[in-house]
Amino acid sequence: MKNFQEILHTITTDIKAISNRGTVASYIPELAHVDPTKFGIHLLDISQNNYSTGNANEAFSIQSISKVFSVSQAFSILGDTLWERVDVEPSGDPFNHLSLLEQENGIPRNPFINAGAIVIADVLYTHLKNPKEDFLAYVRNMANDNTINYDEKIALSEKNTGYRNYAAANLIKSYGNLKNDVNDVLDFYFLQCSLKMSCKQLTNAFFLFINRGKCTQGKTFLNVNQIKRINAIMLTCGFYNEAGEFAFEVGLPGKSGVGGGIIALLPNKFCVATWSPGLNERGNSKLGMLALEKLTTATGLSIF
Ligand code: GLN
C-alpha cells in the first residue's frame with residue numbers, strides 16, 4: 001500500500017479536476033457565500049500521525065457534524081435513559097423531514113436528523129449550567145484546541161430562516177418531548193450547528209471515537225461501549241437517506257454537515273475529515289463522499 005500522504009495527494013488532484021462540484025447550501029443564507037472550489041482532506045491515524053492536503057486547515061461551518069458532539073455530551077450525562085427521548089433507527093428520510101415525528105409520537109428516529117438533534121439540544125439545555133459555554137468547552141476539550149468557536153452570524157442567519165426546525169420543535173413540544181422553551185432550545189441548537197472547525201481540528205476532536213473513548217491527550221470522554229453505540233449510529237444514520245449509499249461506497253461510520261464537511265473513521269486505525277462545500281441532492285458533500293470512496297478503495301481499509 002502507498003502511504004496515506006501519497007494517496008491523499010492523488011485523490012486531491014483527481015477531485016480538483018472535477019467541474020460538477022454539487023450545490024452549496026443556501027437555505028441558510030450565510031452559508032451561500034462559501035467558495036465552492038474549496039477542498040481539503042485531513043487524516044489522523046491512531047499513532048497520531050497527520051496527513052493533509054488542500055484547504056485542510058481552513059475553518060468552515062460544521063453544521064450537523066456537531067450533532068455527534070452534542071449526543072456524546074448528552075449520553076455521558078444521562079447514560080442509557082437518553083434513548084427514551086430519541087430512538088436509534090435510520091429514518092430513510094431527508095434530515096429535515098417531519099412526517100415520522102407525527103407517526104411516532106414526537107420520539108425522533110435518531111439523534112442525527114434535525115428533530116433528534118433538537119431533542120438532544122433540549123437535554124443539554126436542561127443539564128448544562130451554561131449551555132452555550134459548557135458545550136463549546138466540551139468540544140474544545142475533545143479537540144484539545146481553545147481556538148474553536150461558534151460563528152454567531154451563521155447562527156443568526158439560520159434562526160431567521162429556520163422555519164422547518166421551528167415546526168419540528170413545536171411538534172415535539174406538543175408531544176411532551178421538549179422540556180424547555182422552543183426558542184431557547186433552538187437558539188442553542190443553531191449556535192451548536194454554527195461551530196467552525198477545520199478538517200484538522202475535526203480529526204483531533206474525533207480521535208476519541210477511534211481510540212476507545214480517549215482523546216489525543218489520553219483523557220476519557222466516553223467508555224468503550226458508549227463509543228460502540230455512537231459509532232453505530234454514525235454508520236446507520238450519519239448520512240440520513242444516503243446512509244446506505246455511504247456504507248456501500250465508503251464503508252465507514254461517519255457524519256456529514258450541510259457546510260460540506262464529512263468526518264469518517266475506522267476504529268483503532270484512523271479518522272479522516274473532508275471539506276467540499278457543494279452538496280448532492282441528499283444534502284451530503286458530493287466530492288467529499290467521492291474522495292472518501294477513493295480513500296477506502298485505494299487503501300482497502302474499511303470496517304468491512
Ligand atoms: N443546522 C442545519 C439544519 O438544522 C443542519 C443540517 C445539516 O447539516 N444537515 O438544517
For the range 17-35, the count of residues that are charged (D, E, K, R) and surrounded by 13 or more Cβ atoms within 10 Å (Cβ to Cβ) equals 2
Q. Right, residue 233: in contact (Cβ under 8 Å) with a residue 12 or more places away in the chain, over 23 Å from residue 45 (Cβ atoms) and out of contact with any helix residue (DSSP H, G or I) (no Cβ under 7 Å at 6 or more places or on another chain) or not?
A. yes
For the range 65-82, check the following and say yes or no: at least one residue is part of a loop (DSSP other than H, G, I, E, B) and either more than 14 Å from the ligand (Cβ to nearest atom) or among the aliphatic types (A, V, I, L, M) (or both).
no
If we take the range 237-304, then strands (runs of 3 or more DSSP E) inside it with 3 or more residues that are surrounded by fewer than 24 Cβ atoms within 10 Å (Cβ to Cβ) are none
Any residue at all in the range 183-195 that's within 16 Å of the ligand (Cβ to nearest atom), surrounded by fewer than 18 Cβ atoms within 10 Å (Cβ to Cβ) and hydroxyl-bearing (Ser, Thr, Tyr)? no
Within the range 161-172, of all residues that are in contact (Cβ under 8 Å) with a residue 24 or more places away in the chain and in a helix (DSSP H, G or I), the one nearest to residue 106 (Cα to Cα) is 172
Restricting the range 137-159 to residues that are of a type outside the set (A, V, I, L, M), touching a residue at least 40 places away in the same chain (Cβ under 8 Å) and assigned to a helix (DSSP H, G or I), the one surrounded by the fewest Cβ atoms within 10 Å (Cβ to Cβ) turns out to be 153
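Filtering the range 43-64 down to residues that are among the hydroxyl-bearing types (Ser, Thr, Tyr) and either assigned to a helix (DSSP H, G or I) or away from the ligand (no atom under 16 Å from the Cβ) (or both), which residue is farthest from residue 232 (Cα to Cα)?
Of the residues in the range 43-64, the ones among the hydroxyl-bearing types (Ser, Thr, Tyr) are 47, 51-53, 61, 64.
From the residues that got through so far, the ones that are either assigned to a helix (DSSP H, G or I) or away from the ligand (no atom under 16 Å from the Cβ) (or both) too are 47, 51-53, 64.
Numbers: 47: 23, 51: 26, 52: 27, 53: 28, 64: 17 Å.
Here the residue is 53.
All of the numbers you see were taken from the coordinates with simple rules; none came from a lab. Quick caveat: nothing in here was measured; it's all calculated off a predicted structure. We place every Cβ from the backbone using ideal geometry, glycine too, and count neighbours over all the protein chains shown.
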